[in-house]
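The values are calculated or read from the model by the stated rules, or taken from the named source; none is laboratory data. Small disclaimer: the values here were computed from a predicted structure and weren't measured. Don't worry about glycine lacking a Cβ; one is built from the backbone with ideal geometry, like all the others, and counts go over all protein chains shown. Note: accessible area is taken over every heavy atom of the protein model, side chains too, but ligands, DNA and RNA are not part of it. Shrake-Rupley method; radii C 1.70, N 1.55, O 1.52, S 1.80 Å.
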Amino acid sequence: MTATPGLQTPGRRTAVVWCPDWPLTAAGVGPETAAIIVRDDVVAACTAAARAEGVRGGQKRRDAQRAYPGLLLVEHDPRRDARGFDRVVGAVAAVAPRLEVVQPGLLAFPVRGAARYHGGEATLAERVVDTATTAGGCGCRLGIADGLFAATLAARRGVIVPPAGTPAFLAGWPVGVLGRPELAGLLRRLGIRTLGELAALPGSDVLARFGPDGGVAHRLARGLDERPVAPGRPPPDLTAVAHLDPPVTSVDAAAFAVRPLAERLHDRLVAHGLVCTRLAITAETDSGAASVRLWRHGSYSAAAVADRLRWQLEGWVTGGGRGQVTVLRLVPDEVVRAGGEQLDLCGGDGGDRDAADRVARAVARVQGLLGPYAVTVPVPGGGRDPASRLAWVPWDEERRPRHAPDRPWPSGIPPPYPALVYADPLPAGLTGTSGTVIGVDGRGALSEPLSWLTVGAEPPVGVAGWGGPWPADERWWDPARHRRRARLQVSTVDGRAYLLACAGGRWRVEAEYD
Amino acid sequence: MAMPPLRPAQRPAEVLPVRPELAELLPYGGLPRGSAVAVPPGGGGTSLLLALLAEASRAGAWCGVVCWPELGGLAAAALGVVLPRVVAVHEPGEQWPAVTAALLDAADLVVLRPPGRVDPSDVRRLTAHARERRAVLLVAGEWPGAGLRLSTVDSRWAGLAEGAGHLTGREVTVRAEGRGPAARPREGRVVLGTAA
């Protein structure tokens, strides 16, 4: 492997400030109250008191409430999280320069200059923790290590990893901390349980076996940055500026105005074959004051930028900022080459990078024809039916599953999975020997053995075998999305097999095992 | 591979790799770059197509999917398709020929599910475009310009009884036929989709 400058160097010395259970702190709930925030029916955050009762993040709401029936449920509100966190950002910014908000509750900044100024990393850490604790009204932890990923883990333990000690520090962590549940599951099945074991594998093998995502994971496990940072500053013409005339007075209007700006920025990045990993958003007002924040995120789709501007301005207004917004400015602060993470793993020949660049350009062309959401990529997620276990996510959006995929789903249908999944299930009919229509009775059993299956308008076909019915009572707590259904696998004498669902007395073909 | 299927002189410059048991059926032991291959769905055709996608993507190929929102991504992942190298345009509407051409420019393999009846001029243009770009156009359906056609017959599912068990695996016979060196059809039994 050729050592291209900048690709093999360890991540930059980074400090991360972590406010545990921030969404609950932002909601005004202290750690002594057993409370949870639920998102998509899964515990998104919980307090120390809830953890003491056996509640865990990622648990299903039902299980959490079973563990401790007295749990206080707090509404999920990302805007509240961001608004409250702005206090902390403002206070820490006075102690450490170039703060980045990774997400509400998580801050990062480069250590070198600040540590020199404060007389060492330990003193800096102490001051930042004091400042953040006072401003946030909650306990917080600080970690320092090489690179954002390692620093985030260091913050969990509240430790300062000595320079060059990052690979050793990372080695003991389980692969689950990579935040890539699918990959972690795969690695565990292959007997690779820790970051150290992953880091020890040859890079080219990792890329060949696990693809670009595996390549990124391998970089992280070795204590390198997620992607090689493109050398130098981004070209200046990437900055997107909008002068608002008339000036905008509401947060919503500003969030609306920033969308076309974000799209313009996106087009310029595509034209340069770049991806922005850190974005500075500036809002200037007629009073001369300005709100500036650095945001780190995996995607800067128009919606993602609008959300961040909204959080930023709401925090600014809460903090006493006043005036009309006259100028919005988006400055990519750190960019990487699209698909560049493969570069050092394929021996620097650039072949794969060219392919990824070519695909990115073709995607941009198709988006030009059909709009930004026309091109999608498959992202695994959790769910009980085939359609919700894999989501097609727009190319530009963050490729994160809506539900974590490696959790057991008791009534999920076991593999093999159907190769054809219908968004609009086809009507179906099931009949017995004497031609009686077959349904599911109150105890969840078939009213009679199956003989014939009719799919859509096709003629009936003889049934060869069936499995189930498996009952599914989905989202029973949510009247709008509640579904009670029974699922059935049916194979026919012509060698085909289907996944059928019965709801409200009607059978439909949800998928075919083609 | 059991035997070298052809004289080396007739081999195309490059093929995308396929599973060993399929390689035995294909004249060049893989999917020749620059060719159109028809794989009609039904009776296991979709799984066969995903198995082809899996081997190619594992070897580093980028794959495009056009006009096929029903394609089961979960089945794709289970059959070994490297999801991060897949891009899909599910609903290109009237623009599907232009979208297919754009993806053929960049991807190594493009899966097209032709929407309804296809104009012969589109068939000619896209087949030629695939040849020019050294990409494989994998058509989920019939394609008059295809040099190779892979179909499935005699699909047998295992695992289901009368109201007991669940699907565990399936075997099909894959039949490969086409023009030139593929004129003599070959058949082989292949396992597509297991519970593992």
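One line per residue, one yes/no per condition, for (1) modelled with pLDDT of 85 or more; (2) in a helix (DSSP H, G or I):
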| site | (1), (2) |
| --- | --- |
| A:Leu183 | yes, yes |
| A:Gly191 | yes, no |
| A:Leu201 | yes, no |
| A:Pro228 | no, no |
| A:Arg233 | no, no |
| A:Val241 | yes, no |
Exercise for review: Filter region B:135-167 for residues that are open to solvent by 50 Å² or more (accessible area, probe 1.4 Å) and on the phi > 0 side of the Ramachandran plot and give the result.
Suggested key: B:Asp154
Practice item. Looking only at region A:154-171, count how many residues are crowded, with 22+ Cβ neighbours inside 10 Å and under 18 Å from A:Val102 (Cα atoms). Key: 2
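Which residue out of B:Arg125, B:Arg113 is more than 10 Å from chain A (Cβ to nearest Cβ), surrounded by fewer than 24 Cβ atoms within 10 Å (Cβ to Cβ) and more than 30 Å from A:Trp452 (Cβ to Cβ)? Reasoning before the result, please.
Values: B:Arg113 fails: more than 30 Å from A:Trp452 (Cβ to Cβ).
Sole residue among the options that is more than 10 Å from chain A (Cβ to nearest Cβ), surrounded by fewer than 24 Cβ atoms within 10 Å (Cβ to Cβ) and more than 30 Å from A:Trp452 (Cβ to Cβ): B:Arg125.
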Review point. Out of region B:85-105, which residues are buried (at least 24 other Cβ atoms within 10 Å of the Cβ) and facing another protein chain (nearest Cβ under 7 Å)?
Key: B:Arg85, B:Val86, B:Val87, B:Val89, B:Val99, B:Ala102, B:Leu103
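Checking the condition more than 13 Å from every other protein chain (Cβ to nearest Cβ) and part of a loop (DSSP other than H, G, I, E, B), which residue from B:Gly188, B:Gly145 passes? Give the steps one after another, and end with the answer.
Values: B:Gly188 fails: part of a loop (DSSP other than H, G, I, E, B).
It is B:Gly145.
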Check your understanding: Given the conditions (1) out of contact with any helix residue (DSSP H, G or I) (no Cβ under 8 Å at 6 or more places or on another chain); (2) free of Cβ contacts under 8 Å to residues at least 60 places away in the same chain; (3) not hydrophobic (A, V, I, L, M, F, W, C), which single one is not true for B:Glu142?
Key -> (2)
Revision key, fill the gap. When A:Glu75 is run through (1) surrounded by 15 or more Cβ atoms within 10 Å (Cβ to Cβ); (2) touching a residue at least 12 places away in the same chain (Cβ under 8 Å); (3) within 25 Å of the chain's Cα centre (by Cα), the failure sits at (1)
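Being closer than 24 Å to A:Leu309 by Cα, of a type in the set (Lys, Arg) and open to solvent by 30 Å² or more (accessible area, probe 1.4 Å) is the requirement here; does A:Arg66 meet it?
On the way: closer than 24 Å to A:Leu309 by Cα: no; of a type in the set (Lys, Arg): yes; open to solvent by 30 Å² or more (accessible area, probe 1.4 Å): yes.
Here the answer is no, as A:Arg66 does not meet what is asked.
Counting just the residues of region B:39-70 that are in contact (Cβ under 8 Å) with a residue 60 or more places away in the chain and within 7 Å of chain A (Cβ to nearest Cβ), which one comes out surrounded by the fewest Cβ atoms within 10 Å (Cβ to Cβ)?
Initial filter on region B:39-70 (in contact (Cβ under 8 Å) with a residue 60 or more places away in the chain): B:39-49, B:51-53, B:56, B:68.
Next cut, within 7 Å of chain A (Cβ to nearest Cβ) only: B:41-47.
Numbers: B:Pro41: 21, B:Gly42: 17, B:Gly43: 20, B:Gly44: 30, B:Gly45: 23, B:Thr46: 29, B:Ser47: 30.
Top of the filtered list is B:Gly42.
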Practice item. Identify all residues within region B:179-193 that are surrounded by 16 or more Cβ atoms within 10 Å (Cβ to Cβ) and either among the aromatic types (Phe, Trp, Tyr) or at pLDDT below 90 (or both); write none if there are none. Key: B:Pro181, B:Ala182, B:Leu192, B:Gly193
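Taking the stated definitions as given, is A:Ala96 surrounded by 19 or more Cβ atoms within 10 Å (Cβ to Cβ), assigned to a loop (DSSP other than H, G, I, E, B) and touching a residue at least 24 places away in the same chain (Cβ under 8 Å)?
Details: surrounded by 19 or more Cβ atoms within 10 Å (Cβ to Cβ): yes; assigned to a loop (DSSP other than H, G, I, E, B): yes; touching a residue at least 24 places away in the same chain (Cβ under 8 Å): yes.
Here the answer is yes, as A:Ala96 does meet what is asked.
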Review point. B:Arg170 versus (1) within 14 Å of chain A (Cβ to nearest Cβ); (2) assigned to a strand (DSSP E or B); (3) open to solvent by 20 Å² or more (accessible area, probe 1.4 Å): which is the lone unmet condition?
Key: (3)
